[in-house]
Structure formats: C-alpha cells, structure tokens
Amino acid sequence: MLPNRRFSLSLYTKLIFFTSYLMRSIAILLIGVVLVLSCNKKNKEYIPIDKGPEIHQIKVKEVLQTATYTYLFVNENKEDYWIATSKADVKIDDHFYYRDALEMKDFKSEELDRTFDRILFVENITGMKLNGSSIPNDSLHIGVKGKGKQQIIKVDSAPNGITIAELMKNRSNYANKKVTIRGQVVKINSNIMDRNWVHLKDGTSDSGKSDLTFTTQEEVKVGDVVTFEGTVAINKEYGAGYIYPLIVENASLK
C-alpha cells in the first residue's frame with residue numbers, strides 16, 4: 001500500500017519550518033552571547049589596578065619561594081587569595097599590610113610550573129601598620145627603597161628624546177610611533193606574559209601621574225638610570241579584557 005503523499009508532504013513542510021525556526025533561534029542566541037561578552041569586556045579597563053584605595057591587612061597562610069618572587073597565599077577579611085611580591089623572608093602566620101597591586105588572571109609561573117587563576121602582584125608589603133597611603137621605609141617591596149625622606153628623582157632627557165610628561169600630555173600624537181625616554185627604574189615585574197614590565201620615572205609628571213611602564217626583554221635593576229626606545233601603544237589590550245591606557249612596548253636599551 002502506498003503512503004499518503006499529502007501526509008508526507010505535510011510532514012516534510014513541518015520539518016523544514018521547524019529547522020528554519022531552530023536555526024533562527026540559535027542565531028539570535030549567539031548574537032545575545034556576543035553582546036553580553038562585549039559589554040562585560042568594556043567593564044574591564046585597566047590591567048594595573050588597586051585592589052581598593054584602602055589599606056589591606058593580610059595574614060600569610062602559605063609561602064612559595066622562587067628565585068624571583070615570594071608567592072603568598074593570604075587571608076583578608078575571610079577571603080583567601082594569592083599574592084606575589086619581591087623575594088622576601090616571610091613565614092606562615094605573619095601579618096602584613098599593602099595598598100597597591102597588579103591583578104593577573106590565568107598567570108603561569110614557570111618556576112613553580114603552576115597556573116594561578118588569579119594573583120595580585122603587590123608593590124609593597126610591610127609589617128608596620130600604615131597611615132593613609134604611606135609605605136614605611138622598612139617595607140618589603142618591588143621598588144626603590146627610600147632612606148629617611150622620600151627619594152627625589154630628576155633625570156635629564158636623552159638626546160633626541162622626550163620626557164614622560166611630554167608623552168603623557170601628547171599621547172595621541174605619539175601613538176604607534178617610536179620614542180626615546182630616559183628615566184630611573186622604580187619598579188619591575190619580571191617574566192609576566194613572557195616579558196618584563198619596567199616602570200620609569202624622570203622627575204616630570206602630568207596631572208599627578210609620573211610613572212611610565214615599558215615592556216621589554218632587557219634585564220635592568222631597580223635604581224638603574226636607563227634609556228629605552230620603544231613603540232607607544234594607547235589602550236593596549238593584553239587579554240582578559242584588560243587594557244593599558246598608555247604603555248611603551250618592545251623597548252630596548254640605548
């Protein structure tokens with residue numbers, strides 16, 4: 001007995017309609033996901049962050065030492081998280097204070113052969129209670145240690161170079177161009193995302209900002225006066241939606 005042709009065509013038509021409807025629904029869903037991700041991405045603006053303007057008190061729960069950094073699993077107000085600072089003599093149950101930090105997501109430590117979902121690179125930690133935003137001179141930190149009064153930095157510009165203030169004031173004019181800048185190394189974050197992050201100051205500033213970051217493969221030390229040549233990048237994204245508003249990339253010593 002032959003099947004009912006009208007019934008077969010009706011079923012076939014319904015299948016086509018259902019498939020078309022399903023494909024349209026999937027397309028709309030995908031567009032919605034993209035829009036949500038785009039909105040979330042715009043909420044993450046800067047890779048260098050403060051964990052907050054307030055002072056943070058932490059208690060050390062675990063210590064991992066490497067040649068470059070001391071990694072600490074710490075507790076703050078019932079929250080546990082990892083931080084890293086310059087190599088220091090730290091023990092479990094020690095209490096420290098800090099203010100500034102650099103947050104990294106999915107950071108791979110080659111020395112530990114371990115990936116941290118989230119870690120804060122802390123500029124200064126100290127065992128002394130902090131007042132306001134000050135950091136005592138006995139702090140354990142990545143940066144220049146002052147003796148007594150805060151160190152005053154003043155470095156003359158390199159031949160055919162520019163100052164940090166000039167770059168900050170006229171950043172749009174220097175976008176994607178090479179610049180030469182001389183300054184003193186005040187902080188280093190080594191071997192993050194296969195590059196070194198070197199902070200220079202030369203004594204000039206713009207709107208209170210005086211610290212300029214360079215990415216480089218060069219090895220320098222805190223306190224060195226160096227001349228870097230590199231390419232200026234504005235609103236540079238380094239993954240996970242984090243953006244540097246101003247940075248000098250692929251810098252080399254001159």
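The values are calculated or read from the model by the stated rules, or taken from the named source; none is laboratory data. Keep in mind that what you see is a predicted model, and the values were worked out from it rather than measured. In this analysis, Cβ positions are derived from the backbone assuming ideal geometry, glycine residues included, and neighbour counts consider all displayed protein chains.
Would you please name the residue that is modelled with the lowest pLDDT, looking only at residues in the stretch 49-96 that are in a strand (DSSP E or B) and polar (S, T, N, Q)? Residue satisfying both the conditions and the ranking: S86. At least 2 residues being at pLDDT below 95 and crowded, with 17+ Cβ neighbours inside 10 Å is the threshold, and among the strands (runs of 3 or more DSSP E) wholly inside the stretch 143-254 those reaching it are 178-192, 195-201, 212-216, 243-253.
Those residues that are more than 27 Å from D211 (Cβ to Cβ) and not in a strand (DSSP E or B), I need them from the stretch 97-118; list them, please. Those that are more than 27 Å from D211 (Cβ to Cβ) and not in a strand (DSSP E or B): L112, D113.
Filtered by the rule that a residue be among the charged types (D, E, K, R) and either within 15 Å of N189 (Cα to Cα) or in contact (Cβ under 8 Å) with a residue 60 or more places away in the chain (or both), the stretch 69-98 gives a lone residue, K87. Considering D100, D94, the condition of being of a type in the set (D, E, K, R), surrounded by 13 or more Cβ atoms within 10 Å (Cβ to Cβ) and more than 22 Å from H199 (Cβ to Cβ) is satisfied by D94 alone.
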